Amino acid sequence: FLFVPAVEVKIEVVIPEKERSKEEMSPNGKASPLIYKVNGTARHYHLEEHPIASNPYHNPKDIVEASVCHVKDLENGQMREVDLGCGKALLIKEGGEFHAVGHKCPHYGAPLVKGVLSKGRVRCPWHGACFNISTGDIEDFPSLDSLPRFQVKIEKEKVYIRASKQALQTQRRTKMMAKCISLSNYNLSSTNVLIIGAGAAGLVCAETLRQEGFSDRIVMCTMDRHLPYDRPKLSKSMDSHPEQIALRSKEFFCTYDIEVLTEMQVAAVDIKSKVAVFKDGFKMEYNKLLIATGNTPKALSCKGKEMENVFNIRTPEDANRVVKLATSKNVVIVGASFLGMEVAAYLAERAHSVSVVELEEVPFKKFFGERVGRAVMKMFESNRVKFYMQTEVSELREQDGKLKEVVLKSGKVLRADVCVVGVGAVPATGFLKQSGINIDSKGFIVVNKMMQTNIPGVFAAGDAVTFPLALRNNKKVNVPHWQMAHMHGRIAALNMLAHGTEISTVPYLWTAVFGKSIRYAGHGEGFDDVVIQGDLDELKFVAFYTKSDEVVAVASMNYDPIVSKVAEVLAAGRTIRKRDVE
């Protein structure tokens, strides 16, 4: 399936090359349908004409103005949620000045008044997205949209906010974006920017290019059959359908001329001739390339791994099918990874039984440490999840072609109707082996702080890369998190446009289980101690991960907005010492 900015997709006869130039302009001077040849079938599309959205402030009926407080009601550094009658705004006072922006994070709707205000920006308490308080612009992810900004005026010691009703209701603002200038002038098998992969990194790269005024052709290609979607929801909200978790609508891609080729796999990249070769033989020339292919789940290596009802969760269809098959049945999850544990939590109420098999002695030991891991394990056990630790699967047994039992190396046999495998992943970079692009011994693409590979014009982003992390003295790390993929995509786009922007973001992630969230910021790899404040048994705690004398990461549960506070301190380049948190 090929999705390109389209009103319609039709089968057409391909016009021979020499005839095409005559056909490309229709009599009225507008672009006529373009033709794409894929798998020997020609397809074409019309570019729609999109009216430029008018400024909502031009409609007086859409405007509301209200007095929200006295000037002395807010101290410097304070935030307050204020009601304008038809919606709320976030009023902020910093450096003696008042600012007003949307009060909800556009990502998942977190109340920003509970977030962290620091040096001209507010950070979301839930997932760490950051917004400029003067402009509302997004400065760190995850969220694709910015906040609406409202006018503030002071009259007779009173603070007034003037706002668009529409903006108060939507609580989000998409940045202004360029469009492609006349796609009709292009050779169909060449593009200015080619993006391999349509996850967060690929999408943010395309959007950033348009936001920065780039008006040449952008093509994204993906092995997936869907437009970019909210991948973390596959394990956190497994019933979600693709359209419910889409990051952008089809109309969005049409409006901003971002072409998406779905179910298209790149088999090789020729860096000398700047050509990507697809699995079906289709070739596309590019000027700039972003590789954002993510990773591939590891499979089990035991007997019976190919059996029906054994799943890696890669797509919305996988997640939906697992929920359907698991309802009132026996589920075995192999691997107490983030994915494995989130799936276990989601299925705990729905399945007859949920068992988790893991090689370590406690879940998340390497990531959260033993004490936090044990507290999380206890919470799972109190929700009917059984653990089989320090063992692995030796065989999957079938009956009538379907999974029946999971046999462990310890000798234990578990009844299983469905098996979900979450034993980690490897970077999806096999197709680059002969390309000349620098790949390390684990298969990760090596990039610098500008997301550039060793090949000029070739960038890489997301789960498949190692990059220098400013927070850990520029140590080359792999950070396979949703927020980081967004930021990689943005930095890559800015440097395709020669901005010279370096990445300096603080990693931020979260996991959601049984209605509770664990938030995490920093990079704790190699921590040698954990300082815990609060009560692990009550699941109300903050854990500081230290290496030597320095705090390198923080995790919390029911302790907001501590993780966002620490992230802001680290983002400012300040060091937190172990003695500061003991």
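The values are calculated or read from the model by the stated rules, or taken from the named source; none is laboratory data. Since the model is a prediction, treat every value here as computed from it, not as a measurement. In this analysis, Cβ positions are derived from the backbone assuming ideal geometry, glycine residues included, and neighbour counts consider all displayed protein chains. Keep in mind that these areas ignore ligands, DNA and RNA; they rest on the heavy atoms of the full protein, side chains included. Shrake-Rupley method; radii C 1.70, N 1.55, O 1.52, S 1.80 Å.
Ordering K476, K165, K279, K272 by how much accessible area each has at a 1.4 Å probe, largest first, what is the list?
Working: K476 100, K165 70, K279 150, K272 190 Å².
In descending accessible area the options line up as K272, K279, K476, K165.
What ranking of D537, D140, D318 comes out by heavy-atom accessible area, probe 1.4 Å, highest first? Please report the intermediate quantities before stating the final value.
Details: D537 120, D140 5, D318 35 Å².
Sorted descending by solvent-accessible area, the residues read D537, D318, D140.
Quick one: Cα convex hull volume of segment 515-580, Å³ per residue? Before the final figure, lay out the partial values.
Details: hull volume 5.7 nm³, N = 66.
Residue-normalised Cα hull volume stands at 86 Å³.
Can you tell me, using C-alpha contacts under 8 Å and at least 6 residues apart, the relative contact order of the chain as a whole percent? List each step's numbers first, then the result.
Details: 1335 pairs, mean separation 67.2, N = 582.
Worked out over the chain, it gives 12 percent.
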Note to self: Can you compute the radius of gyration and Dmax for segment 310-423, using only the Cα atoms, both in Å?
What the structure shows: 13.3, 43
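So if each residue of separation counts as 0.36 nm, and I subtract the Cα-Cα distance between T501 and E582, what length gain in nm does that give? If you can, show how the numbers build up before the last one.
Details: separation 81, 0.36 × 81 = 29.16 nm, distance 3.65 nm.
Going from the current span to full extension adds 25.5 nm.
Quick one: with all protein chains in place, what share of the accessible area of the chain is carbon or sulfur, to the nearest percent (1.4 Å probe)?
Details: 12180 of 25910 Å².
Whole-percent figure for carbon plus sulfur exposure: 47.
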Margin query: For log10 I(q)/I(0) by the Debye sum over Cα atoms at q = 0.10 Å⁻¹, pick the label among [x] -0.85; [y] -1.05; [z] -0.96 that corresponds to the value derived from the coordinates.
Written below: [z]
Notebook entry, point to check: Assigning unit charges at the beta carbon (Lys, Arg +1; Asp, Glu -1) and nothing else, what dipole magnitude in debye, to the nearest 20, does the chain show about its Cα centre?
Noted result: 260
Next item on the list: List the residues of segment 159-179 whose backbone N lies under 14 Å from a point placed 7 Å from the Cα of V71 along the Cα-to-Cβ direction.
Entry: 159-160
Margin query: Given Cβ point charges of +1 (Lys, Arg) and -1 (Asp, Glu) and nothing else, what value in debye, to the nearest 20, does the dipole of segment 266-361 about its Cα centre take?
Written below: 400
Next item on the list: Can you check what the Kirkwood hydrodynamic radius comes to for segment 382-423, Cα pairs only, in Å to one decimal?
Entry: 11.3
Item checked: Charge dipole (debye, nearest 20) of segment 515-580; +1 at Cβ of Lys and Arg, -1 at Cβ of Asp and Glu -> 200
Next item on the list: Taking 7 Å along the Cα-to-C-beta vector as the label spot, tell me the Q151-K540 distance in nanometres, rounded to one decimal.
Entry: 4.5
Check: How much of T208 can a 1.4 Å solvent probe reach, expressed as accessible area in Å² and rounded to 10?
Finding: 0
Check: Length gain on complete extension for the stretch D318 to K476, per 0.36 nm per residue less the alpha carbon to alpha carbon distance?
Finding: 53.6 nm
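For segment 397-480, give the share of DSSP beta bridges that are antiparallel, in percent and rounded to the nearest 5; count only bridges with both residues there.
Values: 11 of 13 bridges.
The antiparallel proportion sits near 85 percent.
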Note to self: Between S548 and N383, what is the label-point separation in nm under the 7 Å Cα-to-beta-carbon projection?
What the structure shows: 3.9
Item checked: Residues in segment 413-450 reached by a label modelled at T327 [backbone nitrogen below 20 Å; 7 Å Cα→Cβ] -> 416-420
Checklist line | Positive-end residue, the chain charge dipole about Cα centroid, Cβ charges, pick of S240, S410, Y286 | finding: S410
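Looking only at Cα atoms, what is the convex hull volume of segment 472-582 per residue, in Å³? Walk me through the numbers on the way to the answer.
On the way: hull volume 12.8 nm³, N = 111.
Once divided by residue count, the hull of segment 472-582 is 115 Å³.
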Notebook entry, point to check: Hey, what's the chain come to in accessible area per residue, 1.4 Å probe, Å²?
Noted result: 45
Note to self: I need the phi-derived Karplus couplings for segment 73-78: 6.51 cos²θ - 1.76 cosθ + 1.60, θ = phi - 60°, integer Hz, Gly and Pro marked x.
What the structure shows: 5, 10, 8, 4, x, 9
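Given the chain, what percent of its DSSP beta bridges are antiparallel, to the nearest 5?
Details: 97 of 133 bridges.
Percentage antiparallel, nearest 5: 75.
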Check: Given H placed on each backbone N at 1.01 Å, which residues far from F311 in sequence or on other chains put an amide H within less than 5 Å of it?
Finding: C419, V420, V421
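Determine, from the Cβ-Cβ distance of T391 and S301 and an R0 of 22 Å, the FRET efficiency 1/(1 + (r/R0)^6), rounded to the nearest 0.05. Can you show the working numbers first?
Values: r = 15 Å, r/R0 = 0.68.
In this case the efficiency is close to 0.90.
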Notebook entry, point to check: Largest first, what is the accessible-area ranking of E582, E358, E157 with a 1.4 Å probe?
Noted result: E582, E157, E358
Item checked: FRET efficiency for N287 and S441, using Cβ-Cβ distance with R0 set to 51 Å, rounded to 0.05 -> 0.95
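For every helix of n ≥ 4 consecutive DSSP H residues, a contribution of -39,500 (n - 2.57) applies; sum these over the chain, divide by its total residues, and give [θ] at 222 nm rounded to the nearest 500 deg cm²/dmol. Write down the numbers at each step before the final one.
On the way: 12 runs with 101 residues, N = 582.
It lands at -5000 deg cm²/dmol.
Packing-wise, with mean Cβ within 10 Å as the measure, how do 80-89, 59-68, 128-137, 343-352 rank, highest first?
Working: 80-89: 17.1, 59-68: 13.2, 128-137: 22.9, 343-352: 20.6.
Ranking, from highest mean packing down: 128-137, 343-352, 80-89, 59-68.
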Margin query: Rounded to the nearest angstrom and ordered from largest down, what semi-axes does the equivalent ellipsoid of segment 425-472 get from its C-alpha gyration tensor (root of 5λ)?
Written below: 17, 14, 8
Notebook entry, point to check: Just how many % of Cα pairs in segment 61-170 lie over 16 Å apart, if you round to the nearest whole percent?
Noted result: 53
